Structure formats: structure tokens, C-alpha cells
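For reference, the structure discussed in these notes is given below.
The values are calculated or read from the model by the stated rules, or taken from the named source; none is laboratory data. Keep in mind the model is a prediction, meaning the values are calculated, not measured. For neighbour counting, all protein chains shown are included, and Cβ atoms are generated from backbone atoms with ideal geometry for every residue, glycine included. The area values use the complete protein model at the heavy-atom level, side chains included, leaving out ligands, DNA and RNA. Shrake-Rupley method; radii C 1.70, N 1.55, O 1.52, S 1.80 Å.
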Amino acid sequence: MIISLRDDADAQAVKRELTALGLWIAATERSIGDSGLQFVVAAHSTNVNPESVAQIAGVRSVSVPVPEHPRIDRQGPVVTVAGHDIGGAHPTLMCGPCSVESPEQIDAIAARVAPLGVTFLRGGAFKPRSSPYNFQGHGDPALSWMRSAADKFGLRVVTEVLSEHDVGAVSELADLVQIGSRNMQNFALLKRVGHTKKPVLLKRAMSATVEEWLLAAEYLLHHGSSGVVLCERGIRGFDPSTRNLVDLTAVALLANVHRLPVIVDPSHGTGRRDLILPLAKAAMAAGAAGVMIETHDDPGRALSDGPQALRGDELQQVLGQLVSR
Ligand code: PEP
Ligand code: MN
């Protein structure tokens, strides 16, 4: 924001009023071809309506730079997916296995999570694995297993699309199309997914800034997505004690200042099941619209991410404590 002062303004008095509003001055300049002073507001200032700044005595005009991501800025805090409001009055719970392993497995998990207030069944049919020797997902068949399990128990489906090649199949069967961390800036994929007009769960890349994340969301909306829900799944920290570092500062910023729906994934964020409850609570306190949590009936035999999966009874306890707060 750039604030131009009148020639007769008391610059110090204006500055005091701006500071009282939470606006900090990054630079003071003299406008070109004009005698008036200009204040350039620091980026980390509080979000303040420019109209209230224009009313301060001594202010001539206020100019707001053209936004870089106008669509996501305008989207608002609620995205409706198959009749469910993400970012509405109730926390959205997305639960399921890391990988969809068999029709029986996804059926049993859907049956178990549906009575717990879960609205989205999660699970990967296409798995982004660091090693080519690890389980890569069952692909197309797993999508249908997941869709029928979800339909049987009144759940919605969120699942990841890994490549442009699978956008048609995933968008046909999923209610919410997940774009994983490793693909947050795969712009060709973002465009293709945008064209389907489906709502998207956009996971944050491991080292993406909030601005890069918002620009990725802008790609989706620009190309047609009906809404974007952000998902903080932990960024790469310096400390190997936990799998990742859940950036609750970014969650608070996006939820409270940008007013966007953010889901937090404490499973990938911490990599360990005993930290899921405290992180899920912290996420809700920071303003998250809900959580995504991995669960498995027998974590020791899970084909991926066993150490961070909660057993059914553990998930029930975690969700019970989370929603009864
Ligand atoms: C997942 O949710 O299954 C997943 C692979 O997550 P991420 O992209 O956050 O690693
Ligand atoms: Mn996983």
C-alpha cells in the first residue's frame, strides 16, 4: 500500500495514526513531479482496509498494488464440495489409509470412519513414492474401490492425481481432487486439473513459500477449478526428529488474514502417530478448517506410511478429543 500525504500534512502525526492501526512504514519517498511525501507500507503490517487509511487527516490518497493472485484473494473461506462446506461451522475430517490396498481394506476403513463424523474418505490410488521400489499404488482399480466404499457409507472421496494422464479418471471418481506436495508447481498438471472445474485440495510443496502456494492456487482457479482448499502437510525443517515441520504460522496467516480454508495434515506433518492429536488440536486453534489423518487397521502391515497411521480405536479417540474441545 502506498499512502500519499497532502502538502500541509503533519507527517509524524499521520505516521502515529498508521502505527496505531498496525501499519508499519517500510520507506518514505517523495513522489515524482510532486512535492508530497509518500509512505510505503511494510509487507508484514496488519491487514487494514484502505478506506480507513484514506480518512486519516493529512492523507491525500491511498493506492493498493494490483494483486498477483486476484482469484484466490477473492475466493473466500468456504469451499463447498458435494454439498459439504469446507471452512464452514464444523471442522472437516478427512480420514483413510495412505494407500488404497484392496477393496476389502477400503471398505472396512470407510465403515469404521463414517460413524466418527468423517466426511471425506482419503486414500491414494496413485502414490508418489521417493523410491521406485516402493509400492506405487493400485491405480485405476483402486479409484473404483474407493468410490464404491465411500458411496456405501455416505462419504465423499479425496484422492491424489499424480500425472496429467490420470486427470480424467481421478476427476470423474473423486469429489475433491488432491494435488500432492511434489506436484504443487507442476504447472501443466495444475492447468489440466483446472480444466475439469473440480474443486481441489492443494498440498503445499515441501519448501514452497506462502506466495508460491497462493500462485499455484491461482493457476487452478484461472484455469477453471471451482474452488481451492489449501493443505499444510509440513515443510522440510532442519531437524530430523520429526518427518516434517508443520507450519502453523502459515495456517494462521492464511486462515485469519487471507481468510482461506486450510486443512492440516498432521500425519505427513509429523510422521508419527503419537503426535497427531496435539498437532491436530494446535491446527484447529490456529484457524484450520479441518484435518486430514491417515488410519490403517494393521499399521505394521501397511504398504505405505505405517508409522504415522492410527489404528481404528486410536483414530476414534483422537477425533473424539478434537471435536469435543
Ligand atoms: C498423501 O496425502 O498421500 C501424500 C502423498 O501426501 P503429500 O503430497 O503431502 O506427501
Ligand atoms: Mn501417506
Problem set entry | Among residues of segment 264-305, those that are touching a residue at least 12 places away in the same chain (Cβ under 8 Å), in a helix (DSSP H, G or I) and not charged (D, E, K, R), counted | 15
Exercise. Which residue out of Ser225, Ser171 is buried (at least 23 other Cβ atoms within 10 Å of the Cβ), among the polar types (S, T, N, Q) and more than 14 Å from the chain's Cα centre (by Cα)?
Worked result: Ser225
Problem set entry | Ala110 vs. criteria farther than 21 Å from Gly224 by Cβ, assigned by TED's automatic domain parsing to the domain that holds Val262 and buried (at least 22 other Cβ atoms within 10 Å of the Cβ) | yes
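So that you can scan it fast, the table gives a plain yes or no per residue for (1) in contact with a Lys or Arg (Cβ under 9 Å, 6 or more places away or on another chain); (2) among the hydroxyl-bearing types (Ser, Thr, Tyr):
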site	(1), (2)
Asn256	no, no
Pro261	no, no
His268	yes, no
Arg273	yes, no
Gly287	no, no
His296	yes, no
Gln316	yes, no
Gly320	no, no
Ser324	no, yes
Exercise. So which residues in segment 280-302 are within 15 Å of ligand 2 (Cβ to nearest atom) and buried (at least 21 other Cβ atoms within 10 Å of the Cβ)?
Worked result: Val291, Met292, Ile293, Glu294, Thr295, His296, Ala302
Seminar exercise, completed: Residue count, segment 124-149, condition over 13 Å from Asp305 (Cβ atoms), hydrophobic (A, V, I, L, M, F, W, C) and within 15 Å of ligand 2 (Cβ to nearest atom), comes to 4
Exercise. If only one of Gly83, Gly96, Gly123 is in contact with a strand residue (DSSP E or B) (Cβ under 9 Å, 6 or more places away or on another chain) and open to solvent by 30 Å² or more (accessible area, probe 1.4 Å), which one is it?
Worked result: Gly83
Seminar exercise, completed: Among residues of segment 93-115 being of a type in the set (A, V, I, L, M, F, W, C) and within 16 Å of ligand 2 (Cβ to nearest atom), the residue farthest from Phe126 (Cα to Cα) is Val113
Problem set entry | Conditions (1) out of contact with any His (no Cβ under 9 Å at 6 or more places or on another chain); (2) open to solvent by 70 Å² or more (accessible area, probe 1.4 Å); (3) more than 16 Å from ligand 1 (Cβ to nearest atom): number failed by Ser130 | (3)
Exercise. What tally of residues in segment 228-245 results from selecting those that are surrounded by 16 or more Cβ atoms within 10 Å (Cβ to Cβ) and among the small types (Gly, Ala, Ser)?
Worked result: 1
Exercise. What are the residues in segment 174-205 that are under 26 Å from Leu155 (Cα atoms), open to solvent by 70 Å² or more (accessible area, probe 1.4 Å) and in a loop (DSSP other than H, G, I, E, B), if any?
Worked result: Lys197
Seminar exercise, completed: For segment 206-222, the count of residues that are open to solvent by 30 Å² or more (accessible area, probe 1.4 Å) and part of a helix (DSSP H, G or I) equals 5
Problem set entry | Residue tally, condition open to solvent by 10 Å² or more (accessible area, probe 1.4 Å) and assigned to a helix (DSSP H, G or I), over segment 143-166 | 9
Problem set entry | Subset of segment 37-70 (residues that are surrounded by 16 or more Cβ atoms within 10 Å (Cβ to Cβ), at negative phi and in contact with a Leu (Cβ under 8 Å, 6 or more places away or on another chain)) | Leu37, Gln38, Phe39, Val41, Ser45, Val53, Ile56, Val59, Arg60, His69
